[in-house]
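To start, the structure under review is shown below, and the notes come after it.
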Amino acid sequence: MATVAKQPVLTRPTGAPSMVPRITPREELNPFRIAQIQFDIAAEVLKLDPGLRQVLRTPKRILEVSLPTKMDNGQVKVMTGFRVQHNISRGPGKGGIRYHPNVTLDEVKALAAWMTWKTAVVNVPFGGAKGGIICDPKRMSKSELERMTRRFASEILPVIGPDQDIPAPDVYTDSQTMAWIMDTYSMMVGHTVPGVVTGKPISIGGSLGRAEATAQGLVYVVEEACKVKKISLRGATVAIQGFGNAGATAARLLADKKAKIIALSDTRGGVTNSRGIDPIKAIRYKERSGTVVGMPGASRISNDDLLTMKCDILVPAALENVITLQNAEAIKARIVAEAANGPTTPHADEILARRGITVLPDILANAGGVTVSYFEWVQNQEGLLWDSDEVNVRLQKIMVRAFHDMLEAMRKHHVPPRAAAMSVAVGRVAEATLVRGLFP
Ligand code: NAD
């Protein structure tokens, strides 16, 4: 034990046996299987009772809905949507809604489980849920998206509500999507219910600071990790995969801290400049052209090469399974800060830990979004309006405390960051489940 205790903090004890079971390459990329493996590791660390393990690794409720939508050409297209509530022991379900052609039920189940652990790791009184629609939002007009969203809202209406389950934006959904859901719900119940969704426009009860919250929370956690690893954020090199809400805002906020953004990317590819890229110019260029590719003053790089380039901080901010067995040995970053959900597979996680690369796990690193969603919900329920300073002071306090809870669990259980964060989260949900008891 003494040798283990002397290992550098924020890395996995060398020589520790693998905690990842033997799985097929197909399972390795199934997000729900991954979420269950991550849970099993934490359950093992905590020596949870087998019955309780079964309860916590299974979603509580799964709703699948058909969404007949009139397209602009007059034809009707039927999309499929899901809402999954993974666990609501600690409070109402909470989680975003994703629009993407590759949405699957297993993906939504995984994202819902990660929400359960995320709300628990930052200790806000919510459970975990998630929604998704299999659709191609880039090929849909605004009015088609509105009709599909309103139909989805009416179909999931029986299971959502400010005390039941509170959706929010995720990939390819935004504050406008939330406004349509809030309006549809309010029309159906006959009065205005701002607290049914978060991530709304400010004019209808959105919170100041929500748009930046995921990235802001990530920056607070990265700052703490840099202190522990003795890396100066000033001048640190950063590569970011995915230049949407989370990625572009992280680029801007990290640049504000004088970090040097040396690569950025989106679905069409990436750009790089070792002397630094101005995120504001990249945001403006993407607004005009729909991509960062081709922006002046930077050369092209592929998404794959971006992930393995030499940098201090790598921020995956797009989709799942981008750091896998295939490229984990080639990652050269010192810190991987997971803005995206599920970017690293369990085997890749172990490789990074063995190589001394610190992974700041998604359930902690991107929990700023759900934390400020909680603030938004509190303000809606109580009729309060906080200014952005108040939001950010509260956010920082919660993120820093959650980071140190994770650090303490690493020291206590001698496990890498994800298993430590998961053990904090699973421990909290297990305690809530046990004290409530089993119904009936
Ligand atoms: P977004 O739709 O605003 O942006 C996604 C970005 O990723 C876009 O720039 C897109 O071009 C890029 N992208 C998509 N597929 C890609 C690929 N294969 N390669 C490279 N880039 C690709 O979405 P977002 O809200 O920023 O979410 C991004 C990730 O962060 C998701 O995993 C999401 O679950 C997670 N997240 C978001 C929030 C939030 O508040 N927005 C909170 C927590 C977690």
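What the table below lists for this structure:
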read-out	value
218, 105, reordered so the largest accessible area comes first (probe 1.4 Å)	105, 218
Pairwise FRET efficiency - residue 400 versus residue 267, Cβ, R0 = 35 Å, nearest 0.05	0.55
Solvent-accessible ranking of 313, 398, largest area first, probe 1.4 Å	398, 313
Phi to ³J(HN,Hα) by Karplus 6.51 cos²θ - 1.76 cosθ + 1.60 over the stretch 247-261, Hz, x for Gly, Pro	x, 5, 5, 4, 4, 5, 6, 5, 5, 4, 8, 6, 6, 9, 7
Extension gain (nm, one decimal) between residue 155 and residue 188, 0.36 nm per residue minus Cα-Cα	10.8 nm
DSSP-assigned coil residues among GluC sites (Glu not before Pro) in the stretch 106-198, each with at most 15 further Cβ atoms within 10 Å	none
Accessible area (Å², 1.4 Å probe, nearest 10) - residue 62	80
Two-site FRET efficiency, residue 73 against residue 302, from Cβ-Cβ distance with R₀ of 25 Å, rounded to 0.05	0.10
Spacing of the two label points (7 Å from each Cα toward its C-beta) at residue 355 and residue 102, in nm	2.1
Solvent-accessible area, 1.4 Å probe, carbon plus sulfur percent, for the chain	53
Cβ charges +1 (Lys, Arg) and -1 (Asp, Glu), total dipole of the stretch 31-192, debye	120
Residue 71 - accessible surface, heavy atoms, 1.4 Å probe, Å² rounded to 10	30
Segment residue 49-residue 436, extension gain: residue separation times 0.36 nm, minus the distance between their alpha carbons	137.7 nm
Surface per residue (accessible, 1.4 Å probe) for the chain, Å²	42
Gyration tensor (alpha-carbon) shape descriptor, the stretch 31-192, a/c threshold 1.5	prolate
Pairwise FRET efficiency - residue 289 versus residue 382, Cβ, R0 = 60 Å, nearest 0.05	0.90
Cα shape, the stretch 275-381, gyration tensor, a/c 1.5 rule	oblate
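The values are calculated or read from the model by the stated rules, or taken from the named source; none is laboratory data. Given the structure is predicted, the values throughout are model-derived calculations rather than measurements. Methodologically, a virtual Cβ is constructed for each residue, glycine included, from the backbone with ideal geometry; neighbour enumeration extends over all protein chains shown. When the accessible area is computed, the model is the full protein with side chains, heavy atoms only, and any ligands, DNA or RNA have been set aside. Shrake-Rupley method; radii C 1.70, N 1.55, O 1.52, S 1.80 Å.
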